[in-house]
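The values are calculated or read from the model by the stated rules, or taken from the named source; none is laboratory data. Since the structure is predicted, the reported quantities are computational estimates derived from the model, not experimental observations. A quick note on method: Cβ atoms are made from the backbone with ideal geometry, for glycine too, and the neighbour counts reach across all protein chains shown. Please note that ligands, DNA and RNA were not included when accessible areas were found on the heavy atoms of the full protein model with its side chains. Shrake-Rupley method; radii C 1.70, N 1.55, O 1.52, S 1.80 Å.
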Amino acid sequence: MLLTPLHVQGGRPLSGEITVQHSKNAALPIIVATLLSREKITLHGVPRLSDVDTILDLMHHLGTSHAWVGENTLELHTPEILNTDAPYALVSKMRASFIVLGAILARAGQATVSMPGGCAWGPRPVDQHVKALRALGAEVVEDGGNFDARRTGSLNGTFVFELLTVGGTHNAILAAVLGDGVVTLENASIDTDVVDLIEFLNSVGADIQGAGTNTIVIRGVPELRGGAYTVIPDRIEAGTFMMLAAATRSRITLNNVRPDHLRAVTAKLQEMGVDILESGSTILVDATRGELKPVNVTTQSYPGFPTDVQPQMSALLATVPGTSVVQDPVYPDRLTHVAELHRMGANITVSGYTQVIQGGRLHAAPVKAADLRAGAALFIAGLTCEGETVIDGVQYLNRGYEKLTERLRGLGADARQTELAMAMDD
Ligand code: EPU
């Protein structure tokens, strides 16, 4: 399938309700975690995304069969691990797939996983993943672009992460679930996606304590059961829609949200003068009352302001008169949106990981997304200005947002993305 560019006609407020998908970044590790059980597992709330298809391709190679039994319900079954390698062709499509290392190692005793390499905005190291596995007793060697991991017995001991890493914490947990060892992870991530992975694993028989704290204790169990689990709502998609509502000076209700997962985003928008009303699993974002104020934002690990909403926040602040400062020390090079926003008239000066934004009016232009969240930022920017913004690189949006164009049309957005069947030679 070839994707044509996205055509966006903006410049008017949106309104209505939108239902937030379930979390991409929680679903991916939970799908991988099903490798630890021989039994069938049903996952509800799995978004239909190209990143999910990518992990399913890799799981198929490892021996998992899957079936979509509902629009967002996925059945997975791995009676045996058929291959213990994750080749470059599959891992390089999505670096998050590196967490299969811990899962294959746990289930099969050895794993060979390609080094994931960087991504569009720079290096994405995995040193903490490897150090954790080594400290807990696995042998991990680098060989020809691969990590080759082996264990002779159960993982055991304590590892102190040198920094907070979501993926590193996922990998170490997955490696330690099966067996008879006791593993303690200190300075572990308290991210919502780590908590969701632990809650899923415990629901099928794992023994993991400390979810949501910096100390996680995993007591090995002989095996996991089958079961069913529902993935949490996607706080990054919710954050994206909150930025969209503010940037287009709209009043929008978000359904299927966990307001407690969005505190840092909510606080920043309130500081800007956006009204936010939380009620159960909905958030009303109202940016229709008066001028918005510029703010300073610095990304941090959860529960701080998420790096995954930084480009969208930058797009919003590019429309707010005055000077804002956005800093992303989590991913210092996550700046591919800046040059494209310049094409739309944004005044953003970059120094290191700091963007100084002089807000004003944006204008329509042809632009290109180089990664997922940059794509979201450009979509938001396009919806703020009159005229037609044409966004290339739409495949990145499909990695993280399910049927985004269609859902935003439900809010009154004028956006079209057509799919063209790829021409066949014969
Ligand atoms: N880091 C290291 N060494 C490591 C691992 C991480 O130095 O071994 C550093 C990273 O360079 C970064 C920081 O630690 O500065 C945090 O990285 P983390 O490991 O937490 O990120 P990740 O697990 O690779 C996930 C999300 C990203 C999101 C980050 C940060 C998934 C699939 N990916 O990545 O999501 O940006 O956490 O919150 O869960 C996205 O959805 O657009 C996306 C990129």
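Here are a few things to note about the model shown:
- DSSP-defined beta bridges in the range 136-226 - what % are antiparallel, rounded to 5: 70
- Remark: the range 152-300 is approximated by an ellipsoid whose semi-axes, taken from the C-alpha gyration tensor as √(5λ), come to 39, 17, 9 Å, largest first.
- Of LYS93/LYS268; LYS24/LYS268; LYS293/LYS368; LYS93/LYS368; LYS293/LYS403, those spanning more than 30 Å from alpha-carbon to alpha-carbon: LYS93/LYS268; LYS293/LYS403
- Using C-alpha pairs below 8 Å separated by at least 6 residues, the relative contact order for the range 344-388 is 33 percent.
- Listed residues MET94, MET59, MET243, most fluctuating in the chain (Gaussian network, C-alpha, under 10 Å): MET94
- Gain in span if fully extended, GLU139 to THR298, counting 0.36 nm per residue against the direct Cα distance: 53.5 nm
- Summing charges over all other residues whose Cβ lies under 13 Å from the Cβ of ARG151, with Lys and Arg as +1 and Asp and Glu as -1, gives 0.
- Principal semi-axes in Å for the range 72-181 [√(5λ), Cα gyration tensor, largest first]: 20, 18, 14
- In angstrom, the C-alpha Rg and Dmax of the chain are 21.6, 64.
- Cα-based Kirkwood hydrodynamic radius, the range 297-395, one decimal, Å: 13.1
- Cα shape, the range 104-164, gyration tensor, a/c 1.5 rule: oblate
- Charge sum, other residues only, whose C-beta stays under 14 Å from SER279's C-beta, Lys/Arg counted +1 and Asp/Glu -1: -4
- Looking at the range 183-317, the DSSP beta bridges with both ends there are about 95 percent antiparallel.
- Per atom type, the range 121-250 shows carbon and sulfur on 49% of its accessible surface, probed at 1.4 Å.
- Accessible area in square angstrom per residue, the chain, 1.4 angstrom probe: 39
- Convex hull (Cα only) mean projected area of the range 155-196, reported in nm² to one decimal: 2.7
- The range 370-414: C-alpha gyration tensor shape, a/c 1.5 cut-off, then a/b vs b/c: oblate
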